[in-house]
Amino acid sequence: MRILVRTSKLAIWARRLALFAAALILISTGLHFFGQIAADVFEISLAIGTISAAAAFLIGIAAYIRLWFTGDRGWGPASVGFVLGLACLAPAGIALALSEIYPSTADVTTALVDPPQLLDARPNDPDIDSETVLASFPNLITRAYQIPPEVLFTLGETLARANGWEILAATPPTQTSTGQLNALRHSLLGFENEIAFRVSPNPIGALIDLRAASLNPVYHDLGDNGRAIEAFLLALDDRVSTYIQDNMVQAVPAEPPVPHSDLPPSQEPHAQ
């Protein structure tokens, strides 16, 4: 007598949902990164993919339990649903962890009273808690450097280009006027952020203030803008230090050669 061994439907559905979630998350991420879909469509796709991944993960667990007691086939599909579903849940878990670690920096600046202006002229976000942001990003403060404002602006523009930011507008400063640069930065997932830095003349050299804002409506940017401009300021510190050191070496005159006497040591004059 032949015993019919069935394949668990739970295992099959776990695999189907996991493959759907993985395809949806990967395809929507690629399309959003290359600007083929809007941010709100991308967020909806991520939400659907995450829900499908969670369902695949839970159904995979249920399939394991059923297979253990019934002896049906389906360990492979159940494993695909469990593992792939868990992998697709990883981005949501990382986002949840970052939202707990960092405050929202959807609109953050080093100059709270008079922040650099963005090209879309949006007001500074009143919901951003400046004290909380400064506690998480202690380097987000106005910088004062003992170098000419024109040099500081050039160093900042060079660094922005090196970071891959798209320059939208640039007005260099002078010894008596303020200059500003606006740039577009894309996050890892393709979200657009505008970065603006302002260079002002100062009695000791120059001041620089930064502002970063998300151009897409987001509830929480997971600290992305804060990390971006903090890294920019730290890198700018290094470039300014290198510039000052190089120019100090060039400014120090060479020591004059010590005159050499042809007289024997015993006949050389001695200081009285």
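Structure above, values below:
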item: Qualifying positions in region 209-219 - open to solvent by 20 Å² or more (accessible area, probe 1.4 Å) and either in contact with an Asp or Glu (Cβ under 6 Å, 6 or more places away or on another chain) or closer than 12 Å to Phe191 by Cβ (or both); result: Leu215, Asn216, Pro217, Val218
item: Residue count, region 88-119 (criterion: open to solvent by 60 Å² or more (accessible area, probe 1.4 Å) and in a helix (DSSP H, G or I)); result: 5
item: Residue count for region 181-198, restricted to those that are acidic (Asp, Glu) and surrounded by 19 or more Cβ atoms within 10 Å (Cβ to Cβ); result: 1
item: Pairs with Cβ under 8 Å, 6+ apart, first in region 48-75 and closer than 13 Å to Arg6 by Cα, second of a type in the set (A, V, I, L, M, F, W, C) and not in a helix (DSSP H, G or I); result: Gly71/Val5; Asp72/Val5; Arg73/Val5
item: Cβ pairs under 6 Å, 6+ apart, first in region 127-148 and farther than 15 Å from Gly223 by Cβ, second modelled with pLDDT of 90 or more and in a helix (DSSP H, G or I); result: Tyr145/Leu152; Tyr145/Val240
item: Which numbered condition Tyr64 misses (of (1) closer than 30 Å to Arg211 by Cα; (2) part of a helix (DSSP H, G or I)); result: (1)
item: Selection count, region 136-150, where residues are aromatic (Phe, Trp, Tyr) and assigned to a strand (DSSP E or B); result: 1
item: Some residue of region 151-163 being open to solvent by 20 Å² or more (accessible area, probe 1.4 Å), at pLDDT below 95, in a helix (DSSP H, G or I) and in contact with a helix residue (DSSP H, G or I) (Cβ under 9 Å, 6 or more places away or on another chain); result: no
item: Unique match (being open to solvent by less than 40 Å² (accessible area, probe 1.4 Å), closer than 20 Å to Asp221 by Cα and small (Gly, Ala, Ser)) among Gly30, Gly81; result: Gly30
item: Test: residue in region 42-60 that is closer than 29 Å to Leu188 by Cα and part of a loop (DSSP other than H, G, I, E, B); result: no
item: Breaking point among (1) modelled with pLDDT under 95; (2) out of contact with any Pro (no Cβ under 8 Å at 6 or more places or on another chain), for Leu24; result: (1)
item: Filter pass, Thr178 being polar (S, T, N, Q), open to solvent by 40 Å² or more (accessible area, probe 1.4 Å), modelled with pLDDT of 95 or more and closer than 18 Å to Val113 by Cα; result: yes
item: Within region 123-133, considering residues that are open to solvent by 70 Å² or more (accessible area, probe 1.4 Å) and at pLDDT below 75, the one nearest to Thr178 (Cα to Cα); result: Pro123
item: Qualifying positions in region 213-238 - among the aliphatic types (A, V, I, L, M) and either within 12 Å of the chain's Cα centre (by Cα) or not in a helix (DSSP H, G or I) (or both); result: Ala213, Leu215, Val218, Leu222, Ala228, Ile229, Ala231
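Per-residue answers, yes or no, for (1) polar (S, T, N, Q); (2) within 30 Å of Asn182 (Cα to Cα); (3) within 20 Å of the chain's Cα centre (by Cα); (4) modelled with pLDDT of 90 or more:
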| site | (1), (2), (3), (4) |
| --- | --- |
| Ala18 | no, no, no, yes |
| Ala39 | no, yes, yes, no |
| Ile59 | no, no, no, yes |
| Ser99 | yes, yes, yes, yes |
| Thr105 | yes, yes, yes, yes |
| Pro116 | no, yes, yes, yes |
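The values are calculated or read from the model by the stated rules, or taken from the named source; none is laboratory data. Given the structure is predicted, the values throughout are model-derived calculations rather than measurements. With ideal geometry, Cβ positions are generated from the backbone for all residues, glycine too; neighbour counts draw on all protein chains shown. Remember, those area values only see protein heavy atoms, side chains included, never the ligands or the DNA or RNA. Shrake-Rupley method; radii C 1.70, N 1.55, O 1.52, S 1.80 Å.
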